[in-house]
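The values are calculated or read from the model by the stated rules, or taken from the named source; none is laboratory data. Just so we're clear, the structure is a prediction, and the values are computed from it rather than from any experiment. Counting neighbours? That spans all protein chains shown, and the Cβs are built from the backbone with ideal geometry, glycine included. These area figures cover heavy atoms from the full protein model, side chains too; ligands, DNA and RNA do not enter into them. Shrake-Rupley method; radii C 1.70, N 1.55, O 1.52, S 1.80 Å.
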Amino acid sequence: QVQLVESGGGLVQAGGSLTLSCAASGRTSSTNAMGWFRQAPGRKREFVTSISWSSGNTYYADSVKVRFTISRDIAKNTVYLQMNSLRPEDTGVYYCASKVGDRSTYYDNNYGYWGQGTQGTVSS
């Protein structure tokens, strides 16, 4: 089992920044990738970004490219999401997820472990 704990959400004005963190514990040795997904009210959960745990390769949804940056600290088993130039449409609950195996990084069904989520709200 892997436990994921997110932190860092909050309220920010449009154009501002937020940094999210996700600390993993438990059986993390088999982690293939970690990702961030978000869910806005009334909408499906969507892929935001992910990072390959071994190579550090990163992947982004088109809507967040350039504005968001994912990074990892292997020693701390922690992944970070730096969100800049935030827009009201970035509002949602942000979930950290961990994936074992090499299935596509873009689909939430391929992630076996999830954090509890942290709210990020961007006001206009």
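Defining a contact as two alpha carbons under 8 Å apart and six or more residues distant in sequence, what relative contact order in percent does the chain show?
Numbers: 306 pairs, mean separation 44.1, N = 124.
This gives 36 percent for the chain.
Give me the accessible area of VAL5, 1.4 Å probe, in Å² rounded to the nearest 10.
In the full protein context, VAL5 sits at about 90 Å².
Against the globular-protein guess of 2.2 N^0.38 Å, express the Cα radius of gyration of the stretch 1-68 as a ratio, rounded to two decimals. Show your work: numbers first, answer last.
Details: Rg = 13.6 Å, N = 68, 2.2 N^0.38 = 10.9 Å.
For the stretch 1-68, the normalised Cα radius of gyration is 1.24.
Rg to Rh for the stretch 82-124: what is it, with Cα atoms only and Rh by Kirkwood?
Values: Rg = 13.0 Å, Rh = 12.0 Å.
Over the Cα atoms of the stretch 82-124, Rg/Rh equals 1.08.
What full-extension length gain, to one decimal in nm, is calculated for SER85 and ASN109 as 0.36 nm per residue of separation minus the Cα-Cα distance?
Numbers: separation 24, 0.36 × 24 = 8.64 nm, distance 2.90 nm.
Going from the current span to full extension adds 5.7 nm.
Three principal axis extents, largest first, for the C-alpha atoms of the chain, in Å?
41, 26, 25
Of THR28, GLN3, ALA61, which is farthest on the positive side of the dipole of the stretch 1-83, counting Cα position, with +1 on Lys and Arg Cβ, -1 on Asp and Glu Cβ, and the Cα centre as origin?
Checked the options; the winner is ALA61.
Where the centroid of each part is defined by its Cα atoms, how far is the stretch 96-115 from the stretch 1-65 in Å?
11
With +1 assigned to the C-beta of every Lys and Arg and -1 to the C-beta of every Asp and Glu, and no other charges, what is the dipole magnitude of the stretch 13-124 about the Cα centre in debye, to the nearest 20? The partial results should precede the final answer.
Numbers: 12 positive and 7 negative charges, 21 e Å.
The calculated dipole for the stretch 13-124 is roughly 100 debye.
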